[in-house]
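Enquirer: Quick one: structure below, then a few questions.
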Amino acid sequence: MAASSRAQVLRLYRALLRESQRFSAYNYRTYAIRRIRDAFRENKNVADPAKIEELLNKAKANLEVIHRQV
């Protein structure tokens, strides 16, 4: 993975975690954090650039959903 794409993934990961911390309900907050961590761990060994791009787009869409719900 290129350095810029690694930085982009880390930035998105931090943004997702930060935004999910804003859920007022404990159950929603812990569920969101657990799902984010699990998803990133599950896909940490993906090397295909097209698949990485697809996963990044999906994560960005999820970030927008979390942002709207908070």
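Enquirer: Which label belongs to the value computed from this structure, given these candidates for Rg and Dmax of the Cα atoms in Å: [x] 28.0, 89; [y] 12.4, 37; [z] 17.4, 53?
Expert: Here the calculated entry is [y].
Enquirer: Okay, next question. List the relative contact order of the range 1-68 as a percent without decimals, with contacts defined as Cα pairs under 8 Å and 6+ residues apart.
Expert: Values: 25 pairs, mean separation 29.8, N = 68.
Relative contact order comes out at 44 percent.
Enquirer: Additional query: Tell me the GluC sites (Glu not before Pro) within the chain that lie in a loop according to DSSP and have at most 11 other beta-carbon atoms within 10 Å. All intermediate terms of the calculation are to be shown ahead of the outcome.
Expert: Details: sites: Glu19, Glu42, Glu53, Glu54, Glu64; in loops: none.
When the GluC sites (Glu not before Pro) of the chain are filtered for loop state and at most 11 Cβ neighbours within 10 Å, nothing remains.
Enquirer: With each label point set 7 Å from Cα along the Cα-Cβ vector, what nm distance links Glu53 and Thr30?
Expert: Distance between the two pseudo-spin positions: 4.0 nm.
Enquirer: Longest segment of the chain with no trypsin sites (Lys or Arg not before Pro) in a DSSP loop having at most 15 other Cβ atoms within 10 Å?
Expert: Working: sites that count: Arg22, Lys44.
Maximal segment without exposed cleavage sites: 45-70.
Enquirer: In deg cm²/dmol and to the nearest 500, what is the mean residue ellipticity at 222 nm of the chain if only DSSP H runs of at least 4 residues count, each as -39500 (n - 2.57), divided by the residue total?
Expert: Values: 3 runs with 56 residues, N = 70.
Using -39500 (n - 2.57) per qualifying helix, the result is -27000 deg cm²/dmol.
Enquirer: Pick from Asn43, Asn57, Asn27: which residue has the top mean-square fluctuation in a GNM of the chain where Cα pairs under 10 Å get a spring?
Expert: For the chain, modelled as a Gaussian network with Cα springs under 10 Å, the answer is Asn27.
Rule-based calculations on the coordinates, nothing more; no lab input. Keep in mind that this is a model prediction, so the values were computed, not measured. In this analysis, Cβ positions are derived from the backbone assuming ideal geometry, glycine residues included, and neighbour counts consider all displayed protein chains.
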